[in-house]
Amino acid sequence: MAIRNIRQMGDPILEKTSKEVKLITPRVKMLIHDMLDTMYEAQGVGLAAPQVGVLKRIVVIDVGDGPLVMINPSILETSGEQTGDEGCLSLPGKVGTVTRPNVVKVEFTGEDGAHYELEGEELLARAICHECDHLDGHMYVEKAEGPLREPKNDEEEEPEGEN
Ligand code: ZN
């Protein structure tokens with residue numbers, strides 16, 4: 001296990017489309033564990049493989065309910081709307097206002113190779129959308145309403161998290 005270097009906005013790898021994972025090899029498992037270590041070290045709520053320089057469709061998320069590992073995630077349905085601040089580990093010290101669906105149903109392969117479906121609400125729905133966007137080369141700044149800001153102090157004490 002290791003902490004990997006998080007690529008920052010402007011790095012061309014963050015604009016590329018990641019490739020489907022066909023086989024969960026020991027190397028893929030090592031990547032997943034490194035991604036979790038890297039996300040926790042950076043106090044983020046999510047991280048996508050391209051953020052550590054690997055163009056594979058893998059995301060890790062923890063909104064406070066324990067780690068979620070999603071391989072080849074695909075959003076099946078969305079509903080509702082939420083507008084709130086969003087940040088990204090690839091653009092530290094900034095937040096922007098982004099409107100996302102309030103509920104997201106996603107299917108993915110787990111680290112165990114099994115197929116899963118999951119419905120996420122609120123912060124989890126936001127994190128799923130944010131991380132899946134990374135797999136297609138998109139950053140939240142493209143969707144931000146108005147200018148990016150520095151996070152407020154109360155948000156630093158109780159961070160909603162950066163993805
Ligand atoms: Zn991000």
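For the range 82-110, which residues satisfy the criterion of being closer than 17 Å to Val60 by Cα, of a type in the set (S, T, N, Q) and in a strand (DSSP E or B)?
If the condition is that a residue be closer than 17 Å to Val60 by Cα, of a type in the set (S, T, N, Q) and in a strand (DSSP E or B), then Thr109 is the only one that fits.
I'd like to know if the range 124-133 contains one or more residues that are free of Cβ contacts under 8 Å to residues at least 12 places away in the same chain and buried (at least 16 other Cβ atoms within 10 Å of the Cβ).
yes
Tell me, yes or no, whether the range 15-31 has at least one residue that is part of a loop (DSSP other than H, G, I, E, B), within 16 Å of the ligand (Cβ to nearest atom), more than 28 Å from Ala114 (Cβ to Cβ) and of a type in the set (Asp, Glu).
No: the range 15-31 contains no residue that is part of a loop (DSSP other than H, G, I, E, B), within 16 Å of the ligand (Cβ to nearest atom), more than 28 Å from Ala114 (Cβ to Cβ) and of a type in the set (Asp, Glu).
Can you go through Val59, Val63 and tell me which one is surrounded by 16 or more Cβ atoms within 10 Å (Cβ to Cβ), over 16 Å from Leu135 (Cα atoms) and among the aliphatic types (A, V, I, L, M)?
Within the list Val59, Val63, the selection yields Val63.
Need the failing condition index for Thr97 against (1) out of contact with any Gly (no Cβ under 7 Å at 6 or more places or on another chain); (2) over 20 Å from Ala2 (Cα atoms), just the number.
Only one criterion in (1) out of contact with any Gly (no Cβ under 7 Å at 6 or more places or on another chain); (2) over 20 Å from Ala2 (Cα atoms) is unmet by Thr97, namely (1).
Specify which of the listed residues (Met1, Met35) is at pLDDT below 95 and not in a strand (DSSP E or B). Explain how you work it out, then say what you get.
Working: Met35 fails: at pLDDT below 95.
Selected residue: Met1, the only one of Met1, Met35 that is at pLDDT below 95 and not in a strand (DSSP E or B).
What is the number of the single condition among (1) closer than 22 Å to Lys22 by Cα; (2) touching a residue at least 12 places away in the same chain (Cβ under 8 Å) that Arg100 does not meet?
Condition not satisfied by Arg100: (1).
In the range 48-68, which residues are more than 16 Å from Gly87 (Cβ to Cβ), within 10 Å of the chain's Cα centre (by Cα) and of a type in the set (D, E, K, R)?
Those that are more than 16 Å from Gly87 (Cβ to Cβ), within 10 Å of the chain's Cα centre (by Cα) and of a type in the set (D, E, K, R): none in the range 48-68.
The values are calculated or read from the model by the stated rules, or taken from the named source; none is laboratory data. Keep in mind it's a predicted model, so treat the numbers as computed, not measured. Heads up, the Cβs are rebuilt from the backbone with ideal geometry, glycines too, and the neighbour counts pull from every protein chain shown.
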